[in-house]
Amino acid sequence: MMISKIDSQYQTDGPVFGHDSFDNHEQIVFCTDKDTGLKAIIGIHNTTLGPALGGTRMRPYKNEQEAITDVLRLSRGMTYKSAITGLNLGGGKAVIIGDPKKDKTPELMKRFAEFVHGLSGAYITAEDMGMETEDMDTIRDYTPYVTGISESRGGAGNPSPITAYGVYMGMKSAACFKYGSDVLEGKSILVEGVGHVGEALVEHLTNEGAKVMITDIDQERLKLISDRYGAAIFSGSDICALKMDIYAPCALGATINDYSASKLQADIVAGAANNQLANAAKHGQELMSRGIIYAPDFLINAGGIINVFAELEGYGRQEIMTKTKNIYNTTTKILERSRDENITPNTAAMKMANERIAQAKQPKSHTKA
Ligand code: NAD
C-alpha cells in the first residue's frame, strides 16, 4: 500500500510528509482563493471508521508551518477521539489562516464551503475556535457536508455546552480515581480559557460548589464570567505558581510542556483544549511520574462530536446526553488500564482507539448461504 511505502521506502524529512504529526494522513488539501484571501488547509487523517469529521479553526497563524502543525495534530486527534468514543467516524480537521474578527467574510466562508464540497463527503466540517454557528449555516448554503448548524435549520446547535458536560464527567471520573470520590465540592479548580466551553464548565463546577478560579487573555470576558458565576480571577502570569487540585485547560493546546509538566502544582489535569500535551509521550510520562492524573483530552472533550454526530445519525438529545455521560466510564477504564499496564493515560487511550480501528480493518467473515 502507498502509505506503508511512505513509511519505509520514501521516508522524507519535509514539512508535510516528514512532519512529526503526519502519521499517515490520507489527504492534506491546501485551499487558496485570491479574491477572498482564503488560505485554508484540510487534513483527512483516517477514514477507516467513517467519513472524517472535525471542526474548522480560524486563527492568525504566524506562518504556514504553524498552521500545518495545528491541522495535522488536530486531525489525527479526531481519529482517536471518534474511535474511543465509539462513533463510526474518521478523523479530519480544517484550519483557515486569518483573524476571525477581521478577515472572516461571507464570501470567504462560501469559498471554503466549496472546497469542502469538492471532497464529496470524505471530510465533514463543524465548528471550532474562531467559528460560530452562523458560519456553519453559511457553509450549509453551499454544501451538505457540515454539522453544527443552528437548531432552526435542523442542526444540533452549539456543541460547546455538551463538550463542557463531557469534560465535567471526565473530570469527575479522574477525581474518583485520584481521591476515591468524584465530589468536586470544595476542590480548587483553575479553568484556563472561559470561552464557549470554559464558561459552561465553570457553570457545572460552581453549581457543584467547587472553588473555581478563571484566567483568560480576554479581560472583558474574564470579568463577565467572574461576575456571572462568582468565580475568582487568577491574575498571576504563571499558572504553575498556583497550588490547585485540578487544572482545566480550555483555551489552546500544548499548555503541558517542558516548563509546566515539571512545575504544575495540581493533582489532576482535565480540560477541553485539544492536544494539551506538547509532547504526548514525554509530558504524559512526566505528569505520571509526578502522580498527576491526566484525563486524555481527546476523550473527555468528545461531547461536541457526539452532539454533531447526532445530526448525521438523527438521534436526539436523550441519546446525546447518555453517550456524553458515558465519558465518565470510559475515563475510568482508561485510568485503570494506565495503572494496570503502567502506561500513561494518553497511551492507554490511544491503544484502545487503535484497537477499535484495527478491528474495523479486519476483513468481515462471510458465512455461506
Ligand atoms: P473559544 O474560542 O470560545 O474560547 C477560547 C477562550 O480561550 C477565549 O475566551 C480566549 O480568549 C481564551 N484564550 C485564548 N488564548 C488564551 C491563552 N493563551 N490563555 C488564556 N486564555 C486564552 O473556544 P471554545 O469553543 O471554548 O474551545 C476551547 C478549547 O476546547 C479549544 O482548544 C477547542 O479546540 C477545544 N474544544 C472545543 C469544543 C467545542 O465544542 N467548542 C470541542 C472539543 C474541543
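At-a-glance table
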item	result
Output for region 270-291, where each listed residue is closer than 16 Å to LYS178 by Cβ, more than 16 Å from the ligand (Cβ to nearest atom) and not in a helix (DSSP H, G or I)	ARG290, GLY291
Any hit, region 116-131, residues being touching a strand residue (DSSP E or B) at 6+ places or on another chain (Cβ under 8 Å), at pLDDT 95 or above and part of a helix (DSSP H, G or I)	yes
Tally, over region 172-194, of residues that are touching a residue at least 60 places away in the same chain (Cβ under 8 Å) and within 14 Å of the ligand (Cβ to nearest atom)	4
Qualifying residue in region 212-229 (condition: assigned to a loop (DSSP other than H, G, I, E, B), more than 12 Å from the ligand (Cβ to nearest atom) and either within 26 Å of LEU335 (Cα to Cα) or at pLDDT 95 or above (or both))	no
Matching entry among LYS81, LYS101 (being surrounded by 19 or more Cβ atoms within 10 Å (Cβ to Cβ), within 14 Å of the ligand (Cβ to nearest atom) and either of a type outside the set (Asp, Glu) or assigned by TED's automatic domain parsing to the domain that holds ALA164 (or both))	LYS81
Residue in region 302-312 that is over 20 Å from TYR168 (Cβ atoms) and open to solvent by 40 Å² or more (accessible area, probe 1.4 Å) present	yes
Residue ID - nearest to the ligand (Cβ to nearest atom), chosen from residues in region 137-159 that are closer than 19 Å to VAL71 by Cβ and either under 18 Å from the mean Cα position of the chain (by Cα) or part of a strand (DSSP E or B) (or both)	GLY148
Single match in GLN276, GLN265, GLN362 (criterion: open to solvent by 30 Å² or more (accessible area, probe 1.4 Å), modelled with pLDDT of 95 or more and among the polar types (S, T, N, Q))	GLN265
Test: residue in region 201-210 that is touching an Asp or Glu at 6+ places or on another chain (Cβ under 8 Å), within 11 Å of the ligand (Cβ to nearest atom) and either open to solvent by 30 Å² or more (accessible area, probe 1.4 Å) or outside any loop (DSSP other than H, G, I, E, B) (or both)	no
Residue within region 336-344 that is charged (D, E, K, R) and modelled with pLDDT under 95 present	no
Among (1) open to solvent by less than 60 Å² (accessible area, probe 1.4 Å); (2) on the phi > 0 side of the Ramachandran plot, the one test that GLY230 misses	(1)
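The values are calculated or read from the model by the stated rules, or taken from the named source; none is laboratory data. Being a predicted model, the structure only gives us computed values, none of them experimental. Counting neighbours? That spans all protein chains shown, and the Cβs are built from the backbone with ideal geometry, glycine included. Just so you know, the surface numbers come from the protein's heavy atoms only, side chains and all, with ligands and any DNA or RNA stripped out. Shrake-Rupley method; radii C 1.70, N 1.55, O 1.52, S 1.80 Å.
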